[in-house]
Amino acid sequence: MWTYVIIAVTVGVSVGCFRRVEWFGRLALRPERVVRGGEWWRVVTHGFVHADWGHLLVNLFTYWSFGLFVESAFAGLGFGEWAYLVLYFGGMVMAAVPDVVRYRRSPWYASVGASGAVSAVLFTAIFLMPLETILVFGVVPVPGVVFGVVYLVYCQYMARRGEGRINHRAHFYGAVFGVVFPAVLEPRLVGLFLGHFVR
């Protein structure tokens, strides 16, 4: 249920920002405003804003593809609804922290999108079912754990190059949170994860 609620709110806020630029400015992650202006809400609100329709649709399709599974899996593990919300919003916040530190003196810098939260959900799905197939670009079948390793390496490589409009650091730190959080909630999941490779 929460997956659909988050999707609906994200679509509503993003479309509103497409129409009213001032909303975009008030909600985007602007580290300088966060640190110097005390506008800490931006570490969450930026996740409901997207740059354009393509950005919005890719993020929400990925989230929908894995969010329903993770939400159901968390319920099956007895974590409760709160854990799923902490996963999503925790991934969003953790993805924002490196940018807040790095760009705290850069008034020109802004970042938007749910990529950190979506990466957290995606990597929790991989952590729970590492050998399940992921269709890269909807076509190429790859075991989840292989995709995960390649994804993390790629994010680090692209973040160091510093090119393009994609916030690769947000993807990376959101993904890491997506593995660490369920492992902290239930340490036995680490053994179950490793058990997929020693049968």
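The values are calculated or read from the model by the stated rules, or taken from the named source; none is laboratory data. Keep in mind that this is a model prediction, so the values were computed, not measured. Heads up, the Cβs are rebuilt from the backbone with ideal geometry, glycines too, and the neighbour counts pull from every protein chain shown. Just the protein is used for accessible areas: all its heavy atoms, side chains included, with ligands, DNA and RNA removed. Shrake-Rupley method; radii C 1.70, N 1.55, O 1.52, S 1.80 Å.
At a glance:
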read-out: Accessible area (Å², per residue) of the range 84-164, counting only protein heavy atoms and a probe of 1.4 Å; value: 49 Å²
read-out: Accessible heavy-atom area order of Arg20, Arg30, highest first, probe of 1.4 Å; value: Arg20, Arg30
read-out: Whole-Hz ³J(HN,Hα) from phi, Karplus 6.51 cos²θ - 1.76 cosθ + 1.60, for the range 34-47, glycine and proline x; value: 5, 6, 7, x, x, 8, 5, 4, 5, 5, 10, 4, 4, x
read-out: From phi via Karplus (6.51, -1.76, 1.60), per-residue ³J(HN,Hα) for the range 180-191 in Hz, x at Gly/Pro; value: 5, 4, x, 5, 6, 4, 9, x, 5, 5, 5, x
read-out: Listed peptides 146-154, 166-174 by packing density, highest first (mean Cβ within 10 Å); value: 166-174, 146-154
read-out: Of every Cα-Cα pair in the range 118-184, the percent that sits beyond 17 Å; value: 42 percent
read-out: Column: log10 I(q)/I(0), Debye, Cα scatterers of the range 145-190, q = 0.21, 0.33 Å⁻¹; value: -0.72, -1.12
read-out: Which label in (1) 0.97; (2) 1.09; (3) 0.94 gives the computed Rg/Rh (Cα atoms, Kirkwood Rh); value: (1)
read-out: The range 85-140 pair-distance distribution - Cα-Cα, 10 Å bins, rounded %; value: 21, 38, 27, 13, 1
read-out: Burial ranking of peptide ranges 100-107, 179-186 (average Cβ count within 10 Å, highest at the top); value: 179-186, 100-107
read-out: Net charge dipole size for the range 1-148 [Lys, Arg +1 and Asp, Glu -1 on Cβ; Debye, nearest 20]; value: 660 debye
read-out: Residue-averaged [θ]222 nm for the chain, counting only DSSP H segments that reach four residues, each worth -39500 (n - 2.57); value: -22500 deg cm²/dmol
read-out: Protein accessible area in the range 50-199, 1.4 Å probe - carbon and sulfur %; value: 69 percent
read-out: J(HN,Hα) series, the range 79-84, from Karplus relation 6.51 cos²θ - 1.76 cosθ + 1.60, nearest Hz, glycine and proline x; value: 6, x, 4, 4, 5, 5
read-out: Amide H partners (placed H, <5 Å) of Ile134, local residues excluded; value: Val142, Gly144
read-out: For the range 1-50: span of alpha carbons on each principal axis (Å, largest first); value: 36, 24, 11
read-out: Cα convex hull of the range 1-112 - mean projected area over all directions, nm²; value: 7.1 nm²
